[in-house]
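Colleague: One structure, pasted below without further comment.
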Amino acid sequence: MRAAWALLVAVVIAASLYAAVPGTLPAGPATRQQVLHGRYLVTAAVACADCHSSTDQDRLPSGSRWLAGYVAGVGQPFQIGRYQTYAGNLTPDKAARLGNWTPRQVFAALRTGKDPEGRYLAPPMPWPVYRNMTDADTWAIVAYLRSIKPVRNIVPKSQGDWADAYRNLRPLPAYPAANEIAVKQARPAR
């Protein structure tokens, strides 16, 4: 009986973690428009390759290790305080961590900064910025990451527990905030 209650509690906690993530799963497979918008975001706005590709050649979608993360002997780990962190493999390779995540789990990680086991993503992953993106933008990134070729590259596990680093994050304030000048909405032409 005790084991059943523990299982029930675990299921409720896991469900609440993902239910708390706003955004609905898009209906059906990703469209070409969603994938292309995700490609734009990944390559320009959020610049994933700056950390998740180890060489200049691989910082383009034509690179052989596009978004494959830290490559031993080629890239450098990040030194954050006394810990080393490694840019993860973002490709859908099943041997890589992200390749085993569902689209909903990737979406949740971009919003909450936590992996499916509830551990925070290691710095310098800028998920606190990404959490303010629209659902459509976040889903477009997920669609794009699922559309690229898998690259076999096992990245070492990052060191450190980052919960304290993110404990006091505040939500984005409503517009206009104290240092913003409100722009009035234009009236529709008659």
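Colleague: Go through (1) out of contact with any Ser or Thr (no Cβ under 8 Å at 6 or more places or on another chain); (2) under 28 Å from Gly28 (Cβ atoms) one by one and return the number of the condition Tyr130 breaks.
Modeller: (1)
Colleague: Quick one: how many residues across the stretch 49-70 are buried (at least 20 other Cβ atoms within 10 Å of the Cβ), touching a residue at least 60 places away in the same chain (Cβ under 8 Å) and touching a helix residue (DSSP H, G or I) at 6+ places or on another chain (Cβ under 9 Å)?
Modeller: Residues meeting the conditions: 6.
Colleague: Could you tell me how many of the residues in the stretch 115-151 are of a type in the set (Lys, Arg) and in contact with a helix residue (DSSP H, G or I) (Cβ under 7 Å, 6 or more places away or on another chain)?
Modeller: Residues that pass the stated criteria total 2.
Colleague: How many residues, within the stretch 15-42, are surrounded by fewer than 17 Cβ atoms within 10 Å (Cβ to Cβ), under 26 Å from Pro171 (Cα atoms) and modelled with pLDDT of 75 or more?
Modeller: Of the residues in the stretch 15-42, 1 are surrounded by fewer than 17 Cβ atoms within 10 Å (Cβ to Cβ), under 26 Å from Pro171 (Cα atoms) and modelled with pLDDT of 75 or more.
Colleague: Sticking with this structure for a sec: Condition check: among the polar types (S, T, N, Q) and under 28 Å from His37 (Cβ atoms). Does Asn168 satisfy that?
Modeller: It is false that Asn168 is among the polar types (S, T, N, Q) and under 28 Å from His37 (Cβ atoms).
Colleague: Scanning for something on the phi < 0 side of the Ramachandran plot, part of a loop (DSSP other than H, G, I, E, B) and hydroxyl-bearing (Ser, Thr, Tyr), does the stretch 71-83 turn up at least one residue?
Modeller: Within the stretch 71-83 (the criterion being on the phi < 0 side of the Ramachandran plot, part of a loop (DSSP other than H, G, I, E, B) and hydroxyl-bearing (Ser, Thr, Tyr)), the answer is no, since none of the residues qualifies.
Colleague: Something else now. Only residues in the stretch 32-45 that are on the phi < 0 side of the Ramachandran plot and touching a residue at least 40 places away in the same chain (Cβ under 8 Å) count as the first member; pair them with residues that are buried (at least 19 other Cβ atoms within 10 Å of the Cβ) and outside any helix (DSSP H, G or I), Cβ under 7 angstrom, at least 6 apart or cross-chain, and list the lot.
Modeller: Pairs that qualify, where the first residue is on the phi < 0 side of the Ramachandran plot and touching a residue at least 40 places away in the same chain (Cβ under 8 Å) and the partner is buried (at least 19 other Cβ atoms within 10 Å of the Cβ) and outside any helix (DSSP H, G or I), are Val42/Cys48.
Colleague: For Leu145, indicate whether it is of a type in the set (A, V, I, L, M, F, W, C), over 29 Å from Gly28 (Cβ atoms) and out of contact with any strand residue (DSSP E or B) (no Cβ under 6 Å at 6 or more places or on another chain).
Modeller: Spelling it out, it is not the case that Leu145 is of a type in the set (A, V, I, L, M, F, W, C), over 29 Å from Gly28 (Cβ atoms) and out of contact with any strand residue (DSSP E or B) (no Cβ under 6 Å at 6 or more places or on another chain).
The values are calculated or read from the model by the stated rules, or taken from the named source; none is laboratory data. Keep in mind the model is a prediction, meaning the values are calculated, not measured. All Cβ positions, even for glycine, are placed from backbone atoms using ideal geometry, and neighbour counts span all protein chains on display.
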